[in-house]
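We did not get these values from a lab; they are worked out from the coordinates using the rules stated. Quick caveat, the model's predicted, so the values are computed rather than measured. Cβ coordinates were reconstructed from backbone atoms using ideal geometry, including for glycine residues, and neighbour counts include every protein chain displayed.
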Amino acid sequence: MEETANFIHDIIEKDLADNTVESICTRFPPEPNGYLHIGSAKAIRINHGSARKYGGRFNLRYDDTNPEREEDEYVRAIYEDVKWLTGEEPDGVFYGSDYFDKCYEFAVKLIRDGKAYVCDLTGDEMREYRGTLTEPGKESPYRNRSVEENLLLFQKMRDGEFGNGRCTLRAKIDMASPNMNMRDPAIYRINHTPHHRQGDKWCIYPLYDYAHPIQDALEGVTHSCCSIEFENHRPLYDWVVENIGFNPAPHQYEFARLNMTYTVMSKRYLRELVENKLVDGWDDPRMPTLCGLRRRGYTPSAIADFLDRAGYAKAQSVVAIDMLEHCMREELNATAERRVAVLEPLLVTITNYPEGKTETFALPNNPQSPDSGTRELPFTNRLYVERGDFSENPPPKFHRLKVGFEVRLMNSYIIRCDEAVRDENGEIVELLCTADLETGNGVPADGRKIKGTIHWLSAEHCVESAVMRYDRLFAVENVFEVSGESDFDSHLNKQSLAKLCGVKLEKSLESAKVGERYQFVRNGYFCLDSKHAGVWNEIVGLKSGFKA
């Protein structure tokens, strides 16, 4: 599915037409400190889609320059998510740590050129010296160290002679710059933490704003597309590539992040939910993570459709989660085969239907696709219907089962409810009904109108399972508008998960496989859970208030 045209494509087309670049190379640079979410999908789609549209290369490059939270588990998960979403392997798989030697080499060059220095200010002191948005910063007292002294100190940093936080390497730019990111930013810090790939080889690590443009340049990235919060970092990006001397140089372009209602779009907050066991892991189907959406049954094509409809612009906005659900529902309506499932079963006995007799009625596999054919559903005198399809005291316009009234059993007979049978606790456990045996999938001979139709299953020809039904993860539309960052989880939706046991399914679903998606008629779209055997996950309901 080709990505919808956007302002980044306009830039690429102009660059190609002007011969500014000969070919396109993009990259997706996730930090392996958590699982990807649907906001990450936007970045993947922009970078991968642009590369494919213009016959270029798309790289996956792990931003593993901070060893404290990076793990191989996340590396593997990110790779699987990227491959699943794009439908193919990246053209190249790289790691920021692949370039540590080059980053160090270029840092030495900046020192030799008088454009970087070792600074002994503490973190608090650096913030104090940095100034404010309205006041310029102050130069560090260590800013004018000699090249020789800086080279010696930087070598000692690398050799592990200093502890964490003892000093940093800073770019020498402009402490009076109106852009705070240009006020002599730190480009190397000391961190005596083993790296997940490099082990104990390094105890100093380059910071992202320094390492990222170097990585882009070395890989031949032409269009470095990132989210809008990096717009103020672009002058530093350009300063790095210019002062190191890259030619041709990559360029950075920014787009608005994806924000979505009723969820949070941050690995930090998602990690809190996981670590505090408020959800069933990173792949909980209520999570906005790609693995959670995949487990729930969402498809890459529906996610791509959603991202394209949400658009690719620079202006920030919040997209309704209803749009994502609509895209998935629209796709499944056209592609998913129909099956019958009775989620909250109530036994019905057809008193005038011969016991032991079985006949079948044909049901379409997908009314939207006549070529999908039909299947036969067995009918016997003992059936299951939804408990909610019966009411002793029905509201107005209730056109389902009630004592003394008729309803159509989907694609089969019209039945009349004669009696509701209760157990010793007074709960209704069975309905005794009479079938009009002349109406098998046909119009009554007397022409009477039957307003209600309900689904059903033969009690002798079904299987039992469990179903997980999901609602929004949070109970409020915009979490951080009504709470601070420290208590965001207080707005979790306590009704976001409901497990239904004893669900009755068509027998054919016994052989269903993980990855297959079905519409359970009148109930929603479902798929088998990939984590718990015999459990069905609700992908999305049948109805929506979203207007496309």
What is the extension gain from residue 397 to residue 301, computed as 0.36 nm multiplied by their sequence separation minus the C-alpha to C-alpha distance, in nm to one decimal?
-> 30.7 nm
Please go through the range 1-40 and write out the GluC sites (Glu not before Pro) that DSSP classes as loop and that have at most 16 other C-beta atoms within 10 Å.
-> 2, 22
Report the convex hull volume per residue for the range 341-455, counting only C-alpha atoms, in Å³.
-> 127 Å³
Nearest 10 degrees, 0 to 90: helix 321-335 Cα axis against the chain principal axis = 50 degrees
Report the extension gain between residue 334 and residue 22 in nm, rounded to one decimal, defined as 0.36 nm multiplied by the number of residues separating them, less their alpha carbon distance.
-> 108.2 nm
Per q in 0.18, 0.19, 0.23, 0.26 1/Å, what log10 I(q)/I(0) does a Debye calculation on the alpha-carbon atoms of the range 458-548 return?
-> -0.88, -0.93, -1.15, -1.31
Highest first, please rank the peptides 413-425, 373-385 by the mean number of other Cβ atoms sitting within 10 Å of their residues.
-> 373-385, 413-425
Evaluate the distance, in nm, between pseudo-label points positioned 7 Å from the Cα of residue 161 and of residue 247 along their respective Cα→Cβ axes.
-> 3.7 nm
Put a dot 7 Å past each Cα toward the Cβ at residue 497 and residue 179; how far apart are the dots in nm?
-> 4.5 nm
Order of 94-105, 203-214 by packing, highest average Cβ count within 10 Å first?
-> 203-214, 94-105
Efficiency by 1/(1 + (r/R0)^6): what FRET value for residue 73 and residue 449, r their Cβ-Cβ distance, R0 = 60 Å, to the nearest 0.05?
-> 0.50
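Could you tell me the calculated FRET efficiency between residue 544 and residue 489, based on Cβ-Cβ distance and R0 = 22 angstrom, to the nearest 0.05? Don't skip to the answer; put the middle values down first.
Details: r = 27 Å, r/R0 = 1.22.
The calculated FRET efficiency here is 0.25.
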Volume in Å³ per residue [convex hull over Cα atoms, computed for the range 309-393] = 143 Å³
Candidate lysines - alpha carbon under 27 Å from residue 115, same-chain residues fewer than 8 apart omitted | 102, 138, 156, 172, 201
Cα-based reach from residue 499 at 28 Å (exclusive), listing lysines while leaving out same-chain residues under 8 positions away | 267, 277, 402, 507, 513, 531, 543
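Using 0.36 nm per residue, how much length does the chain from residue 93 to residue 432 gain when fully extended, once their Cα-Cα distance is taken away? Walk me through the numbers before you get to the answer.
Numbers: separation 339, 0.36 × 339 = 122.04 nm, distance 6.48 nm.
Between residue 93 and residue 432, full extension yields 115.6 nm more.
Could you list 453, 349, 86 so that the one with the fewest beta carbons within 10 Å of its beta carbon is first and the one with the most is last?
453, 349, 86
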Kindly express, to the nearest 10 degrees and within the range 0 to 90, the angle between helix 38-53's C-alpha long axis and the longest C-alpha principal axis of the chain.
-> 80 degrees
Ellipsoid semi-axes in whole angstrom, largest first, where each is sqrt(5λ) of the Cα gyration tensor of the range 7-255 | 32, 22, 16
Each label sits 7 Å from Cα toward the beta-carbon; between residue 268 and residue 318 the label points are separated, in nm, by 1.9 nm
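Using DSSP to call loops (not H, G, I, E or B), can you name the chymotrypsin sites (Phe, Trp or Tyr not before Pro) in the range 495-543 whose Cβ has at most 12 other Cβ atoms within 10 angstrom?
When the chymotrypsin sites (Phe, Trp or Tyr not before Pro) of the range 495-543 are filtered for loop state and at most 12 Cβ neighbours within 10 Å, nothing remains.
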Which semi-axes, in whole Å and largest first, does the equivalent ellipsoid of the chain have when worked out from the alpha carbon gyration tensor as the square roots of 5 times its eigenvalues?
-> 62, 23, 19
Calculate the tail of P(r) for the range 1-142: the fraction of all Cα-Cα distances greater than 24 Å, expressed in %.
-> 54 percent
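Restricting attention to the range 259-307, which trypsin sites (Lys or Arg not before Pro) occupy a DSSP loop and are surrounded by at most 15 other Cβ atoms within 10 Å?
277
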Any idea what log10 I(q)/I(0) is at q = 0.17, 0.18 Å⁻¹ for the range 60-151, Debye with uniform C-alpha scatterers and no solvent?
-> -0.89, -0.92
